[in-house]
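*Asks:* Structure below; questions to follow.
The values are calculated or read from the model by the stated rules, or taken from the named source; none is laboratory data. These numbers come from a predicted model, not from an experiment. Here the Cβ positions follow ideal geometry from the backbone for every residue, glycine too, while neighbour counts run over all protein chains shown. Calculation scope for accessible area: heavy atoms of the full protein, side chains included, ligands and nucleic acids excluded. Shrake-Rupley method; radii C 1.70, N 1.55, O 1.52, S 1.80 Å.
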Amino acid sequence: MEKKTILVGVGGGIAAYKSANLCSLLVKRGYEVQVLMTEHATRFIQPLTLQALTKHPVIFDTFAEPNPSEIAHIAVADRADLYVIAPATANLIAKLAHGLADDMVTTTALAATCPTVVAPAMNVHMFEHPAVQENLDILRRRGTLVLDPGEGPLACGYTGRGRMPEPEDIADVIEAVLHQERDLEGLSILITAGPTVEDIDPVRYLTNRSSGKMGYALAEQAARRGARVTLISGPTHLKPVPGARMVYVRSTEQMLHAVSEFFPEADAFISAAAPADFRPARTLEHKWKKSQGPLKLDLVETPDILLAASRAKRPGQVVVGFAAETDMPVDHARRKLVDKGLDLIVVNDVTKPGAGFEVDTNQVTLIGKDGSTEALPVMEKHRVADHILTRVRQVLRVSDGERPL
Ligand code: PMT
């Protein structure tokens, strides 16, 4: 098989010495590695060291142009399967975020169309500075994979977040990105996320604790892996998912309509939202005043969106439900899987620490239509999303033998 080419962009920070280890690991794992350095980085580590490890001349002089038949930054960008910038200093992150291109690392970043991974490394206060955080957000919105820096003693004497992630971990992420990359290409995935809101009067409403994080993580990963994603979202504080078609709704009824509109064109529907199960029988036109006495609410059931989708399912479509449980999660989820005619159900015990509502992590068990169960440990919601998407891909492959996945 042809070797994949990884560009390693090295910024001018003390963690630059770790790039030697990263390059050596990537070479050992069978990648072609091309190093680019900023001039400042060359003050921290000799290009010769990285050249010896990668067996390729290190590129750091924007005007060197050793091969007259090509333009260096365009040629390396075109050859790259992935660009990792490690360490990414605050200055480098700012330049990347704002499209500045005054050295080989940033110029090549603008020319590269491959996936980009950024590994920040700096002093804890610098990392937490709003300017740096906003710049990282800009990069994330554009689809750059920003790694979380590690926590611990820093070269500056402080202890805190800011250490460059360990080269082993960066190499693992690179491998994951390259292997997963675009494996959902050609698929259309419909996802719901967040709570719904059921109005009582113009001021008050019923809702629940869903933040939307699980559904948005699914949408982000699906888009990253090449799927065409439609994300139907209840009210959340989350940013739109880059590359996804965003559809905003408020009530369960509205979510049902949006799902009904987009489900026919979807290969898979993943219902990660927490739509309200009940709504007030009627919404009051005016605010209910205390002087009017106690407010009594008559609640009626909302439509079951997942059930409606599953009933409308055509052969080959895959329907995935979630189950938010507080006791005997697997038993309850199995019943929901059967009752709602699902292909897969993802059950989370929302009483467990690190699982369910609001947090960035989740602990789920996947239960397939064939009865197979896969219990996952607590992990970041994006990683949970990847597991679910991989299962969806497998189910789709089984249900449509001709699909070229
Ligand atoms: O948003 P986060 O803060 O990240 O939290 C994530 C989560 C806990 C909301 C998510 O992991 C989750 O469990 N989502 C499903 C919540 C839920 O409504 O569970 P349920 O067991 O009540 O419903 C079962 C399934 O039916 C779910 O797929 C749900 O989307 C769907 N449903 C429920 C009610 C309804 N009226 N229509 C539906 O389609």
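*Asks:* Over the stretch 135-206, with a single point scatterer placed on each C-alpha, what log10 of the ratio I(q)/I(0) does the Debye formula yield at q = 0.13, 0.24, 0.26 1/Å?
*Replies:* -0.72, -1.17, -1.20
*Asks:* Please name whichever of A308, H73, V27 sits farthest to the positive end of the charge dipole of the chain, dipole taken about the Cα centre and charges placed at Cβ: Lys and Arg +1, Asp and Glu -1.
*Replies:* So the residue furthest toward the plus end is A308.
*Asks:* With springs connecting C-alpha atoms under 10 Å apart, model the chain as a Gaussian network and identify which of P165, P315, P264 has the largest mean-square fluctuation.
*Replies:* P315
*Asks:* On alpha carbon coordinates alone, what is the Rg over Rh value for the stretch 5-179, Rh being the Kirkwood radius?
*Replies:* 0.94
*Asks:* Now for a separate question. For R79 and K239, what is the calculated FRET efficiency with R₀ set at 41 Å and r taken between the beta-carbons, to the nearest 0.05?
*Replies:* 0.80
*Asks:* Taking the alpha-carbon centroid of each part, what is the distance from the stretch 94-154 to the stretch 314-378 in angstrom?
*Replies:* The distance from the Cα centre of the stretch 94-154 to that of the stretch 314-378 comes to 35 Å.
*Asks:* How high is the FRET efficiency between L48 and D172 when r is their beta carbon distance and R₀ equals 30 Å, given to the nearest 0.05?
*Replies:* Efficiency, rounded to the nearest 0.05: 0.60.
*Asks:* Hey, another quick one. With 21 Å as the limit, write out which pairs from K213/K296; K28/K55; K239/K352; K239/K381; K18/K213 have Cα-Cα distances beyond it, or answer none.
*Replies:* Cα-Cα > 21 Å for K213/K296; K239/K352; K18/K213; rest within.
*Asks:* Can you give the Rg/Rh ratio of the chain, where Rg is from the C-alpha atoms and Rh is the Kirkwood radius?
*Replies:* Reported Rg/Rh, Kirkwood definition of Rh: 1.05.
*Asks:* Quick one: putting +1 on the C-beta of Lys and Arg, -1 on the C-beta of Asp and Glu, what dipole do you get for the stretch 5-179 around its Cα centre, in Debye to the nearest 20?
*Replies:* The calculated dipole for the stretch 5-179 is roughly 140 debye.
*Asks:* For the ranges 385-397, 289-301, what's the packing order if you count other beta-carbon atoms within 10 Å of each residue, average per peptide, and put the highest first?
*Replies:* Result, highest mean first: 385-397, 289-301.
*Asks:* While we're here: Could you report the chain's accessible area per residue, 1.4 Å probe, as an integer in Å²?
*Replies:* Per-residue accessible area for the chain comes out at 49 Å².
*Asks:* While we're here: Based on DSSP, what percent of beta bridges with both residues in the stretch 8-162 are antiparallel, to the nearest 5?
*Replies:* 20 percent
*Asks:* At 222 nm, what helix-only mean residue ellipticity would the chain give, in deg cm²/dmol to the nearest 500, using -39500 (n - 2.57) for each DSSP H run of four or more?
*Replies:* That calculation yields -10000 deg cm²/dmol at 222 nm.
*Asks:* Moving on. Helices from the chain with mean Kyte-Doolittle at least -1.0 and a Cα length along the axis of 24 Å or more, per DSSP H: which?
*Replies:* TM-like helix candidates: 381-399.
*Asks:* Which order do the peptides 90-96, 188-194, 67-73 come out in when sorted by mean C-beta neighbours inside 10 angstrom, highest first?
*Replies:* 188-194, 90-96, 67-73
*Asks:* Using only alpha carbon pairs under 8 Å that are at least six residues apart, calculate the relative contact order of the stretch 5-179 and give it in whole percent.
*Replies:* 23 percent
*Asks:* What are the lysines whose alpha-carbon lies under 24 Å from the alpha-carbon of K289, with same-chain residues fewer than 8 places away excluded?
*Replies:* Result set, ordered by chain and number: empty.
*Asks:* Looking only at Y158, Y248, Y31, which one moves most when the chain is put into a Gaussian network model with springs between Cα atoms under 10 Å?
*Replies:* So, out of Y158, Y248, Y31, the one fluctuating most is Y158.
*Asks:* Here's a follow-up. Just to be sure I understand: with springs between alpha-carbon atoms less than 10 Å apart, which residue in C114, C23, C156 has the highest mean-square fluctuation in the Gaussian network model of the chain?
*Replies:* C156
*Asks:* Would you calculate the separation in nanometres between label points at T113 and D137, each defined as 7 Å from the Cα along the Cα-to-beta-carbon direction?
*Replies:* That separation, rounded to one decimal, is 3.0 nm.
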